[in-house]
2 protein chains.
Amino acid sequence: MNNPCGQHQHPHRLIQQPLDELTDRLRRHSRRVTGPRQAILDVLRRHQTPMSNRDIHAALGQMCDLATVYRNLHTLEGMGLVRRFDLGDGAARFELVTPEDDGHHHHLVCTRCSLVVEIDDCFPPEFEQALAQRHRFARISHRLEFFGVCSRCEAGESRPGPVEA
Amino acid sequence: MNNPCGQHQHPHRLIQQPLDELTDRLRRHSRRVTGPRQAILDVLRRHQTPMSNRDIHAALGQMCDLATVYRNLHTLEGMGLVRRFDLGDGAARFELVTPEDDGHHHHLVCTRCSLVVEIDDCFPPEFEQALAQRHRFARISHRLEFFGVCSRCEAGESRPGPVEA
DNA sequence: ACATGATTGCAAACAGGTTGCAAGAACCAC
DNA sequence: GTGGTTCTTGCAACCTGTTTGCAATCATGT
């Protein structure tokens, strides 16, 4: 994997984090280790790609209310255990973040079947610095996602639900 | 204005397009030139930064229903007269596109006051090509927006409504 | 001017997400 | 363990952005 300018790139999602380690992180933030929370973390750690609140709720079976999922992801995001992504279809997606990795990376989304590929490339941070200076902005960050049509869909074997372009 | 790799960049919004030219484009697409449409185009051509449906509706005064604004922007987007942006706050924004320029560009948004700065820099198209090939995706495009805190806000002179981080 | 079909206003309906409140756990201290 | 304090949860109502059905209205070709 190289990158736009042969430079920056973010490694991530190398291995699944043990569930205990995750719940420990909850405790360290003085958050209670509840059934729904463990279940949500467990679902997330088994997943490679970002999941929506609805996805997670579905994966949980009738374990808890959808509102609980929303609240917990909000909490987890605040704790930095989870990172929010916007894949452009109006629903927030979440991925687990490891303590080492800040979770910064991007995605390539198939606009036909919603297949998501994790992308580690990114443009060099110096670019952002330059932008910040030029426009006198502080604490600059960015959001970048790619869209396209995966080979299966391109070949005609269309399937599930689409995401907007 | 340079760019991430000293390469690609999209010039845009050089001058206001005459209103007649815009309505002509409507006719060419066999769309009727109605009051609301002209007004919407007129509001957009006077604006430098992307406007939400609500913004436009407000700028129009009680000229037409909000639903009409939504429908028209959808139509205009389909015709390629307007381009949709997602600045991350849950409301779609639109900017007029000139016939020459495809409207591809990005924004730097202040997360405190919502100030928007138009950004012409972008990473080189070859990068997207490479991504496409590597993951066997076709027709790749991307969405990129920057967020930060503008100098005024950083200086403490906070004001209007925020946008998410 | 007329006919005709696109367009509009209005209200209802949606979807994602948030929130108030009372009931139900976790967790700490004893 | 027991008990209480405080965080969480379920539920239902609510909010915002956006879409849609339908009848009334208006822009356009003739």
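The values are calculated or read from the model by the stated rules, or taken from the named source; none is laboratory data. Keep in mind it's a predicted model, so treat the numbers as computed, not measured. Cβ coordinates were reconstructed from backbone atoms using ideal geometry, including for glycine residues, and neighbour counts include every protein chain displayed. Accessible surface areas use protein heavy atoms only, side chains included; no ligands, DNA or RNA. Shrake-Rupley method; radii C 1.70, N 1.55, O 1.52, S 1.80 Å.
Data table
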| item | result |
| --- | --- |
| Qualifying strands (runs of 3 or more DSSP E) (wholly inside segment A:76-157; at least 2 residues being within 11 Å of chain B (Cβ to nearest Cβ) and closer than 19 Å to B:His105 by Cβ) | A:137-150 |
| Given (1) in contact (Cβ under 8 Å) with a residue 40 or more places away in the chain; (2) in contact with a strand residue (DSSP E or B) (Cβ under 8 Å, 6 or more places away or on another chain), number of the condition B:Arg83 does not satisfy | (1) |
| Verdict on A:Gln38 being more than 13 Å from the chain's Cα centre (by Cα), in the same structural domain as A:Glu21 (by TED's automatic domain parsing), more than 14 Å from A:Glu145 (Cα to Cα) and modelled with pLDDT under 95 | no |
| Members of segment A:14-29 that are more than 10 Å from DNA strand C (Cβ to nearest atom) and in contact with a Lys or Arg (Cβ under 8 Å, 6 or more places away or on another chain) | A:Gln16, A:Gln17, A:Leu19, A:Leu22 |
| Members of segment A:13-45 found to be touching a residue at least 40 places away in the same chain (Cβ under 8 Å), near DNA strand D (Cβ under 8 Å from one of its atoms) and crowded, with 18+ Cβ neighbours inside 10 Å, listed by number | A:Leu26 |
| Tally of residues being within 9 Å of DNA strand D (Cβ to nearest atom) and open to solvent by 40 Å² or more (accessible area, probe 1.4 Å) across segment A:46-66 | 4 |
| Long-range neighbours under 8 Å by Cβ, at least six apart or interchain, first residue assigned by TED's automatic domain parsing to the domain that holds A:Leu44 within segment A:65-78, second of a type in the set (S, T, N, Q) and near DNA strand C (Cβ under 8 Å from one of its atoms) | A:Leu66/A:Asn53; A:Val69/A:Asn53; A:Tyr70/A:Asn53; A:Leu73/A:Asn53 |
| Qualifying residue in segment A:103-110 (condition: crowded, with 17+ Cβ neighbours inside 10 Å, at pLDDT below 95 and either of a type in the set (D, E, K, R) or more than 16 Å from the chain's Cα centre (by Cα) (or both)) | no |
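Per-residue answers, yes or no, for (1) among the polar types (S, T, N, Q); (2) away from DNA strand C (no atom under 13 Å from the Cβ); (3) closer than 24 Å to A:Ala91 by Cβ:
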| residue | (1), (2), (3) |
| --- | --- |
| B:Arg31 | no, no, no |
| B:Thr34 | yes, no, no |
| B:Gln48 | yes, yes, no |
| B:Ser114 | yes, yes, yes |
